[in-house]
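Some notes on the structure that comes next.
The values are calculated or read from the model by the stated rules, or taken from the named source; none is laboratory data. Computed from a prediction, not measured in an experiment: that's the story for all the values here. Cβ: placed from backbone, ideal geometry, glycine included. Neighbour counts: every protein chain shown. Surface accessibility is based on the protein's heavy atoms, side chains included, excluding ligands, DNA and RNA. Shrake-Rupley method; radii C 1.70, N 1.55, O 1.52, S 1.80 Å.
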Amino acid sequence: MSMITSSGRLPAPAPALKLVGRWWLLLLLIVAVGLFTLERPQMIEAGNLATILRSASLTAIMVLGLNWVAAAGKIDVSFMQVAALANMTAASLLAGGAGWLPAGLAALAVGGLVGALNGVLVGTARLSPLITTIATGGICASAAAAIGRGTSIRIEDAGPIGELLSMTLGPVPLIAVGVALLYLAAWWCQEHLTFGRYVYATAQNEEAALEAGIPTGRLILILYVLSGLFAAAAGVILVASLSSGQPMIGASYFIDGLTAVLVGGMMIRLGQPNVIGTLTAVLLLAALVSGGALLGWPDYQREIIKGALLICGVALAVWMGRSRGQANGRG
Amino acid sequence: MTSFRILSPALLRCLGVVAMIAAIIAVFTALEPRYASYGNLSAVTRHMAANGLAALGLTFVVVVRRFDLSFPGIASLAAVTIGFLIASGYGLWFAIAAGLAIGIPVGLLNGFAIGYLRLPDIVVTIGSGSIAAGLAFLYTGGQSIFQNFITSGLLDLNDTRFFRINVSAYFLLAAYCLAGLVLHRSRFGVALYATGENPVAAHFSGIRVRACVMAAFGLSAATSVLAVLLLIAESGAANTNHGATLLMPAYAGVYLGAALLGGASIPATFAGTLVITILLDGFSLLGLPYYYSDGMVSGILLFGVVVFDPRVRRQLRRLAASVLPIAPNSEFRS
């Protein structure tokens, strides 16, 4: 996690290049959608765009909390398993005859609890974030599998969340509008409240932030609870969207979520995860999946592209960051 | 340091670990007499070999204070490469060499990006692990490979025994002895610890810090290839998700060991892996469903890290001091 403090040998980039460096992800999104459309015009048909927005919305909800955990210089690799556990909790309660409200609230409570556990261990006990969340994630995965005794749970009725998912506002799915508003609010919190300043100050220098009077321990606890809650919310939505509880929601959310947050952090605020960057990256990944499917790419090619995107993104950000005279050694 | 003691703290910790292992075995034997049988104990040594090898390489990365999340992907790629070459009729040793030749460069590339280009370790290794795992699908699109495995001699790695003990156990011991010599009895090992402790001071002491980081990632990749080789020898087929099973036990082994013995080292990783293997084996013998095993390993890891973390221990000591003002300090000393 620490960086060696000798100065970089790479030359500083020109200002025009810097602007590209700041917005490259948005450019990449436009270029990618454009290229896919050239090859397969179905790409920008209303139905396909709605599908892209739907899948992007779900990932966006799942990683909003993770985004700030990463912005504070920590990491949470348990979010996918938290979503799986919340998913199975809600599904088993629904299958047992409970209503959607108690089932959803119970699932959110489970997510919040795991988040609080992560937060106490990382924020208060100051253990390594990676090791802690690998371990809590493993426990969640086992618990999720144990709820369904190793298999999935089928749900008869997708309920009110299923109805909300199928609703549209004109051609746009309602959930995408909701996520856009959510991210707008999150952006406002991040840019205009002391909350956002505290998060980035914690990432820069936790000790100094603490000395300056920022309750970093409590802040980190809150961030992990948020991460758990948003992951659990995505898990509950997945119950309705899949009409079942799946103990292994799919490893694709794991790499997608981390790629979105970390690559998104390479845009606008270089080297600092932020909500606009995360949202752009989520859209880019969803466009890649959709365009790749239209072109008939197999799954693994997309995994390779995502991995390459992640490494290129971080290399670009470190290079740009270094030219400003600071190395953002977040990891 | 006021109290007089005959045993050094390190020796005391070792004795504690031995007592802990003995206690675990005693409890399991009491619950299930088959636990102490020859068949089960030889299964323990076999299971320990693969996890122990993956943890061994990870130890080097942890010593230079970095993280490697790419070794499961590298292991999957190597597993399918080895399987594909054996299925195509190449010899066993050629296939193993090819597996190493494809895995180690990925590890060195990680090390180059992290050591020389100074990119963040977690991000780079998640990315390269994802690429390696994706490349593993190129051979068969994700299907298992098992052709020619019996005739190639690959399965002998799992089945051959000397003096009634699996050959993989000797292999593991040899690897740990070699790694112990390298890490604890060589200039290179000291350089790795210095790099981890303080890279700037190490740099000014003439240590090639970046090369050390690169070497650690190369070693991690190499041992993960050997670990997955034992896994495919045990299961008799190579597939693309073999590597993923290595992640949890390797991290748990390294960090539990470091917690038990007070720092990452080769003996610590050995102790950590041994504790985890005998616990997992015991629980599976008691009939616990397979899906509890990851949670079990995670729980042990979390417990070890929490209880043995110096900060947590200091707080526990303070708590004990406030409850029992005359409690002897030495009992809680690390």
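A few notes on this one:
- Every helix of 4 or more DSSP H residues in chain B counts as -39500 (n - 2.57), and over all residues that averages to -23500 deg cm²/dmol at 222 nm.
- Cα-based shape type of the stretch A:48-250, given that a ≥ b ≥ c are square roots of the gyration tensor eigenvalues and the cut on a/c is 1.5: oblate
- Annotation: amide H-H contacts under 5 Å for A:Thr168 (H modelled 1.01 Å from N, sequence separation of 5 or more, or interchain): A:Leu174.
- In Hz, Karplus ³J(HN,Hα) per residue of the stretch A:102-115 (6.51, -1.76, 1.60; θ = phi - 60°; x = Gly, Pro): x, 4, x, 5, 4, 5, 5, 4, 4, x, x, 5, 4, x
- Over chain B, Cα pairs under 8 Å with separation of 6+ residues give a relative contact order of 29 percent.
- Cα gyration tensor shape for the protein assembly as shown, rounded if a/c is under 1.5, else prolate or oblate: rounded
- B:Arg46 accessible area, 1.4 Å probe, all protein chains in place, Å² to nearest 10: 60
- Global geometry of the stretch B:9-332, whether rounded, prolate or oblate, following the gyration tensor of its Cα atoms and the 1.5 cut on a/c: oblate
- In units of the rule-of-thumb radius 2.2 N^0.38 Å, the stretch B:10-103 shows an alpha carbon radius of gyration of 1.52.
- Spatial offset of the stretch A:99-131 relative to the stretch A:134-158 amounts to 16 Å, using the alpha carbon center of each.
- Residue-averaged [θ]222 nm for chain A, counting only DSSP H segments that reach four residues, each worth -39500 (n - 2.57): -24000 deg cm²/dmol
- Residues whose amide H falls under 5 Å from that of A:Gly245, counting only those 5 or more places apart or on a different chain, are A:Ile153, A:Arg154, A:Ile155, with hydrogens built in the peptide plane.
- Per-residue SASA entry for B:Ser76, accessible area with 1.4 Å probe, Å² rounded to 10: 0
- Per-residue ³J(HN,Hα) for the stretch B:123-140, Karplus 6.51 cos²θ - 1.76 cosθ + 1.60, θ = phi - 60°, Hz, x for Gly and Pro: 4, 4, 6, 5, x, 5, x, 5, 5, 4, 5, x, 5, 4, 7, 4, 5, 10
- Counted charge near B:Gly107, where neighbours are those whose Cβ lies closer than 13 Å (Asp, Glu -1; Lys, Arg +1): -1
- Amide H within-cut-off set for A:Met266, under 5 Å, with H built and near neighbours excluded: A:Gly271
- Per-residue Karplus couplings for the stretch B:45-60, computed as 6.51 cos²θ - 1.76 cosθ + 1.60 with θ equal to phi - 60°, are listed in order as 5, 5, 5, 5, 4, 5, 5, x, 5, 4, 5, 4, x, 4, 4, 4 Hz, Gly and Pro entered as x.
- Residue ranking by accessible heavy-atom surface, 1.4 Å probe, largest first, among B:Asp309, B:Asp156 comes out as B:Asp156, B:Asp309.
- The figure for A:His192 is an accessible area of roughly 110 square angstrom, using a 1.4 Å probe on the protein chains alone.
- Averaging the Cα positions of each part gives two centres, and for the stretch A:272-322 and the stretch A:17-84 these lie 7 Å apart.
- For the pair the stretch B:243-266 and the stretch B:161-233, the centres of their Cα atoms are 14 angstrom apart.
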